[in-house]
Amino acid sequence: MTQNMQALASPKGDAEAALRDVANAHKPFRTDRWLLWGITLLIAANFLWIVANNENFGWPIVFQWFTEATVLRGLYVTLGLTVVAMAIGVIIGLVLAIARMSNDRLASSLAGLYIWFFRGTPLLVQLIFWYNLSTLFPEISIAIPFGPTLASWNTNDLITPMTAAIAGLALNEAAYMAEIIRGGLLSVDKGQIETTEAFGMTRTRALRRIVIPQAMRSIVPPTGNQLISMIKATSLVSVIAMADLLYSVQAVYNRTFEVIPMLMVAVIWYLFITSILNVGQGFIERYYGRGERGSSTPRKQDKVVAAANTVTAVPAMAQEVSK
């Protein structure tokens, strides 16, 4: 017992040895894990080799049309629709989320009714409905209820394929963004909201300065997913003759009958865009989550210092026991 206590009583040497051990520690080598990785990479390489050497994909045609002006114009339309519809959807969604959480029964009910309708009907149906709005309303007018008409326009002049696509995509996206934003706002501790009220901050200022910055940590990931979904959802506007990316490649293969190569052109462009968005989403998530990571995930140096302090404390305790 005494010899063991004396062995533990050399704090400096043991602390330095433990410090080196912790700093150089690593996971044990696992053969089965490396074998699984090798098999997976082998299967993936074999699949890529088959696809690359399959003449039915028409890779020369894919490379020929990949940067053609017709395809690029459709790509610009797709990106433009995504940006405009997503921006409008986020703005309307923010208003709907605040109204949904409001104590005002009328505002909360109207917001809930909007979300119920636009989330409950397919996006394709909404796009077709907006495109054929003139069937129901030949004229769109501004009028006093049960009174005179102040202004009116021909519906066909207002509802073009572009406006129908923006209206359908944006209004549908607003319903989903409202629930995403509402979930992010609910994730903020209620105590902080009560604190802002105690300091006399208005509700608008509290949302802008306190609540929304903290809620962004929960809002950003699903919003990134919605943005990626929006890129793909724009392909639905091809049914209303909107010249997006998919419509552009369809127009080409309707003339050339090269269906698979032209679809591969669209697929590659969609994958390229979504890959860039995934990278951007990762940077934004790390930006808003930096405070949480800093408080919850200890650094390697902190682990080393903590281990060294622990080892140093053991001999000291041993000396007290021996006394």
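Where a number appears in this text, it was derived from the coordinates with a stated rule and is not lab data. Note that the structure is a prediction, hence the values are computed from the model and not measured. Every residue, glycine among them, receives a Cβ derived from its backbone with ideal geometry; neighbour counts consider all protein chains shown.
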- Message: Taking the criterion of being crowded, with 19+ Cβ neighbours inside 10 Å, closer than 21 Å to V71 by Cβ and touching a helix residue (DSSP H, G or I) at 6+ places or on another chain (Cβ under 8 Å), would at least one residue in the stretch 202-219 satisfy it?
- Response: no
- Task: Would you point out which residue out of T78, T67 is closer than 30 Å to A241 by Cα, of a type in the set (S, T, N, Q) and either in a helix (DSSP H, G or I) or in contact with a Gly (Cβ under 7 Å, 6 or more places away or on another chain) (or both)?
- Result: T78
- Message: Of all residues being surrounded by 18 or more Cβ atoms within 10 Å (Cβ to Cβ) and not hydrophobic (A, V, I, L, M, F, W, C) in the stretch 254-276, which is nearest to E68 (Cα to Cα)? Just the residue, please.
- Response: P261
- Message: Please count how many residues of the stretch 46-64 are surrounded by 10 or more Cβ atoms within 10 Å (Cβ to Cβ), among the small types (G, A, S) and in a helix (DSSP H, G or I).
- Response: 0
- Item | Close pairs (7 angstrom Cβ cut-off, 6 or more residues apart or separate chains): in a helix (DSSP H, G or I) in the stretch 85-107, of a type in the set (F, W, Y) anywhere | L96/Y114
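Tell me, which residue of the stretch 153-201 that is assigned to a loop (DSSP other than H, G, I, E, B) and out of contact with any helix residue (DSSP H, G or I) (no Cβ under 7 Å at 6 or more places or on another chain) is nearest to G89 (Cα to Cα)? Steps first, please.
So in the stretch 153-201, the residues assigned to a loop (DSSP other than H, G, I, E, B) come out as 159-160, 187-189, 199-201.
Applying the additional criterion that residues be out of contact with any helix residue (DSSP H, G or I) (no Cβ under 7 Å at 6 or more places or on another chain) yields 160, 189, 199-201.
Working: T160: 19, D189: 26, F199: 33, G200: 31, M201: 28 Å.
Out of the qualifying residues, it is T160.
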- How about the stretch 126-140: which of its residues are among the polar types (S, T, N, Q), in a helix (DSSP H, G or I) and more than 28 Å from the chain's Cα centre (by Cα)? S134, T135
